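Reading through the structure tokens given below for one structure.
The values are calculated or read from the model by the stated rules, or taken from the named source; none is laboratory data. Quick caveat, the model's predicted, so the values are computed rather than measured. Neighbour counts are summed over all protein chains in view; Cβ atoms, including those assigned to glycine, are modelled from backbone coordinates with ideal geometry. To get the accessible areas, we keep the full protein, side chains included, count just its heavy atoms, and leave off ligands, DNA and RNA. Shrake-Rupley method; radii C 1.70, N 1.55, O 1.52, S 1.80 Å.
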Amino acid sequence: MKIAVIGAGAIGGTLAAWLAQDYDVILCARSPLEDLEIETPRGMIRAAPLILTDPTQAQPVDWVLCATKTYDCAGAAGWLTGLMGPETRLAVIQNGVEQRDRFLTVPRERTVPVIIDLPVERTAPGRIVQRRDGNITVPEDANGAAFADLFAETSIDAATTPDFATAAWKKLAINCSGIVSAITLRAAEVANDAGVAEVMRGLVRECIAVGRAEGATLPDSLADKVVEWTRRAHPDSVNSLHADRLAGRQMELDARNGVIVRLGEKHGIDAPLNRALAALLAASR
Ligand SMILES: NC(=O)c1ccc[n+]([C@@H]2O[C@H](COP(=O)([O-])OP(=O)(O)OC[C@H]3O[C@@H](n4cnc5c(N)ncnc54)[C@H](OP(=O)(O)O)[C@@H]3O)[C@@H](O)[C@H]2O)c1
């Protein structure tokens, strides 16, 4: 079994290191690195997978895991020409609800959308801190089950769900509300502010309306729940949109908020709060 991981960042590096304990893993990186050392809740794990930085050196594998940021899909697609054989399956491990639509050259029946809840942070090339065991959710079909099996010997809980759309939109509901932190530059504690909490509920209500039109089952109570969960998080916890802004990196604004506006338009549902806050954040420096 040969597995290629595109993206040697926090998620790609961590998954590559765990999988390399049991499989032949190739790490397809943009920036060079030597090897992987992951500080996990179970202790340090190390791996020295074959590392490629030139897509022309890629050969077909059984599985490709794409773990770039959503805005780097065009670059990531450059690897697929070499990595994809007639049977290769592609798992797209990224935020949002459009994982299946981001690599249209790969047949849909060989693309597995993946939701990941794994708090990981890259501290240097190939050096990552994993804060919890984490979990992975994939659709309940043959490819989803085969993907989940890859993690059987790891501490990451990988499971299938019969209602992937609902799982993905529920995660998006949390992520879309996180924009209030990226705008105010305040960690999760900002949800204790009553006015901000109301903005969060408004963002989530728009997400619920669009998600339902897309086939997800989302209760009205989700808006209050998202505020509650954020209030219960560590007050200093910084979401990735906020972290990316602080670090001056590009942000996954389209995948977290823009998508609600775009898909809303398709269904005739307006999402003015997501539109306005995404515009404000995009324009901020
Ligand atoms: N980190 C988390 O805790 C977490 C949790 C849940 C979900 N996610 C989601 O998982 C996805 C990945 O996030 P991340 O935190 O792992 O991001 P990240 O640390 O920025 O890693 C992304 C990696 O992709 C690499 N890359 C970009 N273009 C490439 C290309 N053309 N070829 C090869 N590699 C390329 C980057 O290379 P460079 O090294 O050159 O930058 C970087 O190493 C995102 O959608 C994120 O929202 C992350």
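Numbers for the structure displayed
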item	result
Charge context of Val112, other residues only, Cβ under 9 angstrom, K/R +1, D/E -1	+2
Highest average packing first - 36-45, 247-256, 199-208, Cβ atoms within 10 Å	199-208, 247-256, 36-45
Region 151-203 and region 210-276: distance between their alpha carbon centers, rounded to Å	7
Convex hull projection area averaged over all views, region 68-162, Cα basis, nm²	6.9
Neighbourhood net charge (14 Å Cβ-Cβ; Lys/Arg +1, Asp/Glu -1) for Ser155	-3
Sequence-distant residues sharing a close amide H with Thr160 (under 5 Å, placed H)	Val138
³J(HN,Hα), Karplus 6.51/-1.76/1.60, whole Hz, each residue of region 58-72, x for Gly, Pro	6, 10, x, 10, 7, 10, 10, 10, 9, 10, 8, 5, 4, 7, 9
Carbon/sulfur fraction of accessible area - the chain, other protein chains in place, 1.4 Å, %	51
Å² per residue, accessible surface of the chain at 1.4 Å	45
Contact order normalised by residue count of the chain, Cα under 8 Å, 6+ apart, percent	14
Largest-first ellipsoid semi-axes for the chain, taking √(5λ) over the Cα gyration tensor eigenvalues, angstrom	31, 21, 18
Calculated from backbone phi, Karplus (6.51, -1.76, 1.60) coupling profile of region 39-44 in Hz, x at Gly/Pro	7, 10, x, 9, x, 6
Cross-link partners of Lys266 among lysines (Cα-Cα below 23 Å; sequence separation of 8 or more within a chain)	Lys170, Lys171
Per-pair calculated FRET efficiency, R0 = 35 Å: Ser284 and Arg231 via Cβ, rounded to 0.05	0.90
Under 5 Å, built H, 5+ apart or other chain: amide partners of Val5	Ile26, Leu27, Cys28, Leu65
Label-to-label distance, nm, for residues given as Ser221 and Ala243 (7 Å Cα→Cβ offset)	3.1
At 0.692 mPa s and 37 °C, Stokes diffusion of region 12-112 via Kirkwood alpha-carbon radius, µm² per second	230
